[in-house]
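So the structure is just underneath, and the comments pick up after that.
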Amino acid sequence: MYTINTDLSSRLIRVTVNSFLNVMEGTQAIAEIKREIARFKGNGFYMLLDFRAASVVPPEVTDQWLELAQYARSAGMIKSARLISTASTKMQLNYVARSAHYDDVVENFTDERSALKWLGISEKPEAAKDEKKATPSSQRNRGFRP
């Protein structure tokens, strides 16, 4: 399972892989991602790939991601940030980056905020506002001393 979201204003394609992808699902995901890349018509875009919930994929699917990486680079990808949570996923994705000759424009992260900052994409003001609302009042420093 995966999701793809494109934000045209920030030129960001966000792909979240939520579980193990087999070859058929990988083929479908790659085709959909390529359609999103085509929307930018070679004018430059960023990618945020979230693999934190994904496991190691079969070699055939790794080959599909390699082909996508080569395509993305040739289609104008400026930078790609990858969110990862395991060493094995990191090793697989680093292999893809080196093999596609785009390891100079890709970086691994464990948190989304750092990844977006590295991409040069600011968080939407609504998101920051919502985050502030979510902070319990007991955790805010209001200047009171016990």
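State which residue is nearest to the chain's Cα centre (by Cα) when the search covers only the range 69-78 and only residues that are closer than 24 Å to SER19 by Cβ and modelled with pLDDT of 90 or more.
Going through the range 69-78, the residues closer than 24 Å to SER19 by Cβ turn out to be 69, 71-72.
Those still in the list that are modelled with pLDDT of 90 or more too: 71-72.
On the way: TYR71: 16, ALA72: 13 Å.
Across the range 69-78, the extreme among qualifying residues is ALA72.
Given the options ALA100, ALA87, ALA81, name the one that is on the phi < 0 side of the Ramachandran plot and at pLDDT 90 or above.
None of the other options fit; the residue is ALA81.
Starting from residues that are surrounded by 13 or more Cβ atoms within 10 Å (Cβ to Cβ) and among the small types (Gly, Ala, Ser), keep the ones in the range 1-54 and report whichever is farthest from the chain's Cα centre (by Cα).
GLY26
Applying the selection to the range 103-120, what residues are modelled with pLDDT of 90 or more and buried (at least 19 other Cβ atoms within 10 Å of the Cβ)?
PHE109, ALA115, LEU116, LEU119
For a quick check of your reading of the model, give me the residue pairs whose first member lies in the range 38-59 and is at pLDDT below 90 and among the β-branched types (Val, Ile, Thr), whose second is in a loop (DSSP other than H, G, I, E, B) and crowded, with 17+ Cβ neighbours inside 10 Å, with beta-carbon atoms closer than 7 Å and at least 6 apart or on different chains.
Listed by first residue and then by second, the contacts come to VAL57/LEU21.
Suppose we keep only residues that are of a type outside the set (D, E, K, R), in a helix (DSSP H, G or I) and surrounded by fewer than 10 Cβ atoms within 10 Å (Cβ to Cβ) within the range 121-146. Which one would you say is modelled with the lowest pLDDT? Walk me through how you get there before you give the answer.
Initially, the range 121-146 is screened for residues of a type outside the set (D, E, K, R), giving 121-122, 125, 127-128, 134-139, 141, 143-144, 146.
Filter once more, keeping what is in a helix (DSSP H, G or I): 125, 127-128, 134, 137-139.
Add one more test, that the residue is surrounded by fewer than 10 Cβ atoms within 10 Å (Cβ to Cβ), and what stays is 125, 134, 137-139.
Details: PRO125: 36, ALA134: 31, SER137: 34, SER138: 34, GLN139: 35.
Restricting to residues being of a type outside the set (D, E, K, R), in a helix (DSSP H, G or I) and surrounded by fewer than 10 Cβ atoms within 10 Å (Cβ to Cβ), the top hit is ALA134.
Could you go through the range 20-29 and let me know if any residue there is touching a residue at least 40 places away in the same chain (Cβ under 8 Å) and either aromatic (Phe, Trp, Tyr) or over 24 Å from ARG113 (Cβ atoms) (or both).
Step one: list which residues in the range 20-29 are touching a residue at least 40 places away in the same chain (Cβ under 8 Å), which gives 21, 23.
From the residues that got through so far, the ones that are either aromatic (Phe, Trp, Tyr) or over 24 Å from ARG113 (Cβ atoms) (or both) too are 21, 23.
Checked the range 20-29: at least one residue is touching a residue at least 40 places away in the same chain (Cβ under 8 Å) and either aromatic (Phe, Trp, Tyr) or over 24 Å from ARG113 (Cβ atoms) (or both).
The values are calculated or read from the model by the stated rules, or taken from the named source; none is laboratory data. This is a predicted model, so every value here is computed, not measured. Neighbour counts are summed over all protein chains in view; Cβ atoms, including those assigned to glycine, are modelled from backbone coordinates with ideal geometry.
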